[in-house]
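Let me begin by presenting the structure, written as structure tokens, before commenting on it.
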Amino acid sequence: MIRFSEVSKFYGALPALRGVSGEVGAGEVTVVCGPSGSGKSTLIRTVNRLEPINSGQILIGGRDIHERGWSVNALRSGVGFVFQSFGLFQHLNALDNVTLALRHVRGLPRKEAEALGLAQLERLGLAERARQMPSALSGGQQQRVAIARALVMKPAVLLLDEPTSALDPEMVGEVLRAIEALAADGLTMMCVTHEMGFAQRVADRIWFMERGELKADATTEQFFKGEAGARAREFLKQI
Ligand SMILES: Nc1ncnc2c1ncn2[C@@H]1O[C@H](COP(=O)(O)OP(=O)(O)OP(=O)(O)O)[C@@H](O)[C@H]1O
Ligand SMILES: [Mg+2]
């Protein structure tokens, strides 16, 4: 579903990604881990062109994401993104956040968009919260609204960048459970997280990054058995 070939990216002179190659299969969950500054966020942000790359190629479903004629709006409606900080529009209620792109990017009439939006909110356990403003929702609820907003576009791929690290500890579980349910439904996901228990339950593969390199690409079983190389083993021990 996603193929990175020799992807490199610099911030000025600083190499943030160095020749990353790897594949995420359809219906697979890949957890991306590694120390701070290793390029995890940069890597997943390249997939929907939030970050331009300097060399290499990224294919989604066999199509180059930089292909002429593939607009950034079209690309992003096929690739959902969930941020650490939720990124909800504070002046819109939950349902309006969820339906915004359906109405303004896809051009659906309000009624149709709201039916789809409500169904997604219900899937995330938020049917009763549809008309509430983000400020009236807990962090865990806001993050689930953000997930519903991504899913309503029926993305082929969902990218999540530390979706629980801004949450109070008591809310981490509800968001992880929601993500686990999506994995069980067969959604293709790349998730940056330090929640290694979650990774062990949900991931098909674990990618370990260090200094912009994909240092290990292992099955979850190999990774947790310590068979993904010395650096990955050390990292696992530390966290
Ligand atoms: N907008 C930017 N401008 C300049 N340098 C950046 C920018 N964003 C990231 N970097 C640098 O690129 C490198 C990779 O950053 P990135 O955010 O991808 O790491 P990360 O693995 O996600 O780290 P963390 O675990 O702290 O979120 C780091 O050295 C970082 O300082
Ligand atoms: Mg990051």
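The values are calculated or read from the model by the stated rules, or taken from the named source; none is laboratory data. Note that the structure is predicted; figures quoted are calculated from it, not measured. All Cβ positions, glycine included, derive from the backbone under ideal geometry; neighbour counts span all protein chains shown. To get the accessible areas, we keep the full protein, side chains included, count just its heavy atoms, and leave off ligands, DNA and RNA. Shrake-Rupley method; radii C 1.70, N 1.55, O 1.52, S 1.80 Å.
Hey, among LEU124, LEU167, which residue is more than 24 Å from LYS40 (Cβ to Cβ) and modelled with pLDDT under 95? Give the steps one after another, and end with the answer.
Working: LEU167 fails: more than 24 Å from LYS40 (Cβ to Cβ).
Of the residues listed, the single one that is more than 24 Å from LYS40 (Cβ to Cβ) and modelled with pLDDT under 95 is LEU124.
Of the residues making up segment 196-212, those that are within 13 Å of ligand 1 (Cβ to nearest atom) and assigned to a loop (DSSP other than H, G, I, E, B) are ARG211, GLY212. Taking segment 12-42 as the range and being in contact (Cβ under 8 Å) with a residue 24 or more places away in the chain, more than 20 Å from LEU158 (Cβ to Cβ) and in a strand (DSSP E or B) as the test, the residues that pass are PRO15, ALA16, LEU17, ARG18, GLY19, SER21. In this structure, LEU151 does not satisfy being within 16 Å of ligand 1 (Cβ to nearest atom) and open to solvent by less than 20 Å² (accessible area, probe 1.4 Å).
ARG231 meets all of the listed conditions (1) more than 21 Å from SER36 (Cα to Cα); (2) open to solvent by 60 Å² or more (accessible area, probe 1.4 Å); (3) without any contact (Cβ under 8 Å) to a residue 40 or more places away in the chain; (4) touching a strand residue (DSSP E or B) at 6+ places or on another chain (Cβ under 8 Å) but one, namely (1). With respect to VAL79, determine if the residue is β-branched (Val, Ile, Thr) and more than 15 Å from ligand 1 (Cβ to nearest atom). Yes, satisfied.
Is it true that VAL82 is within 16 Å of ligand 2 (Cβ to nearest atom), open to solvent by less than 30 Å² (accessible area, probe 1.4 Å), touching an Asp or Glu at 6+ places or on another chain (Cβ under 8 Å) and within 30 Å of MET133 (Cβ to Cβ)?
Values: within 16 Å of ligand 2 (Cβ to nearest atom): yes; open to solvent by less than 30 Å² (accessible area, probe 1.4 Å): yes; touching an Asp or Glu at 6+ places or on another chain (Cβ under 8 Å): yes; within 30 Å of MET133 (Cβ to Cβ): yes.
Taking the combined requirement at face value, the residue satisfies it.
Has segment 44-55 got any residue that is loosely packed, with under 13 Cβ neighbours inside 10 Å, under 26 Å from ALA232 (Cβ atoms) and within 16 Å of ligand 2 (Cβ to nearest atom)? The answer is no; no qualifying residue exists. Within segment 61-75, none of the residues are in a loop (DSSP other than H, G, I, E, B) and at pLDDT 95 or above.
In a residue-by-residue description of segment 36-43, the property of being surrounded by 22 or more Cβ atoms within 10 Å (Cβ to Cβ), within 16 Å of ligand 1 (Cβ to nearest atom) and of a type in the set (Gly, Ala, Ser) applies to at least one position. With the requirement that a residue be under 20 Å from ALA156 (Cα atoms) and either surrounded by 18 or more Cβ atoms within 10 Å (Cβ to Cβ) or touching a His at 6+ places or on another chain (Cβ under 8 Å) (or both), what does segment 190-205 give you? Residues satisfying the conditions are MET190, CYS191, VAL192, VAL202, ALA203, ARG205.
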